[in-house]
Amino acid sequence: MDDLTRGLKRILFALAAASFVACGDDDDDTTPDAGPSDAGRDTGTADTGVDTGTPDADGMPEGGGGTDGGSTDATTGDAGGDGGMMMMANAFVRAGHFIPNGPPVRICAQLLVGSMTVGPTGNPLPPPGSPGLMYRAVSGYLPFPARLPTGAMAGYRIRVFSAEALDSFLGSGGGMCPMEGAAGAPAPIIQQDVPAGTLEAGSFYSVVAVGFANDSDGSRPEFCGPTFSMTCPDEERLRPHLTLMRDDHGGPASGRVRVRFFNAVANSPAPMSICHDPDGPTMPMMPSAVASAVAYDAADRTYADIDPITTGFLGLYVPSMAAGPCSLLVGGLPIPAPDPIGTSMFPGTSKTLEAGRTLTVFAIGRIDPAAAGMTSPPTHIPTFIPVIDAPPMAAP
């Protein structure tokens, strides 16, 4: 077996072996719910993500329900059956679905060489038979080889399909992702390339689907403009697309929490403010900004060490010159976050911004004409999903 064939085989194995975690495990631990789905969003029993221990001799993560508590390896080994141990260096990628009017999805990833896809199309993730990756859900980290055994850097073509449409095409038996242009195959909601060299071995990334999907008749939705009720322009930034960002797995300074805020609210009228109100929007204490100028879909947002936030209300605000950064409240999240907060991942979502953790806080949803000043907004208007990038550092 030549190196490229073996590399393609192991990419397929790695992608097929790892399972996504959709909604359901809404508490602050790492154990997925064993029971039925909650609020129509849970995918039922699920693995918490990729195995974090030492790979088996076949190079695939060990199967089973969760993690083995070891450290994440940056390489996977495969004896290959033809002599010698071949090693492939992995990056680790998790996916989030933040298109508020988008359906549950399945994701297909195929090796990309230059502008051409090569090798098998792989299996859809989550696999057919599950509800798909739901809106507000975040997956576990999955291993993606960043370098092939030949030494070449790996790139990928990512296609995101409606789970319902893809399942209908594949039939009850499931199967592999369709070839591009296959007769009768549904058009992907998103098709986007991750060029070779983008993913670095040993690094962690989040790739999130953002924007607004078209209405069922193909027209653009009416979520935009100054009233948030006008037809959204057919602009690339507002169409469904993927945004990739590198995650920080380091720890904050003592007594602090390290946070990156990412704004996935596509109809944000301006760079937004994220403010903490110690006693909630209806009480006398005034909110104060913890992050400002948080532009929509800014993949270059950096982390900052801030004071922990364990109570009160975290709000998304439209700033103004007259009233300051915390001017018009359009959505938010009580802290501690209530159950369920709408997502689950490996190693877990966080109900608070507590000391010692490193978090990405995703602002998701859309601003509704009736949203301004609401303290208990409907689920489609902005809220926050605090996702743990790295657990607290162990005490020395």
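Results, tabulated for the structure shown:
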| quantity | calculated |
| --- | --- |
| Yes/no for A337 being of a type in the set (A, V, I, L, M, F, W, C), without any contact (Cβ under 8 Å) to a residue 60 or more places away in the chain and surrounded by fewer than 17 Cβ atoms within 10 Å (Cβ to Cβ) | no |
| Sole exception among (1) on the phi < 0 side of the Ramachandran plot; (2) outside the structural domain of P195 (by TED's automatic domain parsing) for G324, by number | (1) |
| Failed item in (1) more than 18 Å from the chain's Cα centre (by Cα); (2) closer than 28 Å to P336 by Cα, with V259 passing the rest | (1) |
| Number of positions in the range 206-232 that are part of a loop (DSSP other than H, G, I, E, B) and in contact with a His (Cβ under 9 Å, 6 or more places away or on another chain) | 1 |
| Residue match in the range 233-252 (condition: surrounded by fewer than 16 Cβ atoms within 10 Å (Cβ to Cβ), among the hydroxyl-bearing types (S, T, Y) and either free of Cβ contacts under 8 Å to residues at least 24 places away in the same chain or not in a loop (DSSP other than H, G, I, E, B) (or both)) | no |
| Output for the range 113-140, where each listed residue is in a strand (DSSP E or B) and either among the β-branched types (V, I, T) or over 27 Å from F212 (Cβ atoms) (or both) | V113, M116, T117, V138 |
| Filtered residue count, the range 225-275, keeping only those that are in contact with a Pro (Cβ under 6 Å, 6 or more places away or on another chain) and among the basic types (K, R) | 1 |
| I107, sole failed condition from (1) modelled with pLDDT under 90; (2) closer than 30 Å to A185 by Cα | (1) |
| Leading residue by the ranking (surrounded by the fewest Cβ atoms within 10 Å (Cβ to Cβ)) among those in the range 275-291 that are of a type in the set (A, V, I, L, M, F, W, C) and closer than 20 Å to D305 by Cβ | A289 |
| Which numbered condition S206 misses (of (1) surrounded by 14 or more Cβ atoms within 10 Å (Cβ to Cβ); (2) farther than 25 Å from Y303 by Cβ; (3) not β-branched (V, I, T)) | (2) |
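The values are calculated or read from the model by the stated rules, or taken from the named source; none is laboratory data. Being a predicted model, the structure only gives us computed values, none of them experimental. Cβ sites come from the backbone with ideal geometry, for glycine too, and all protein chains shown count toward neighbours.
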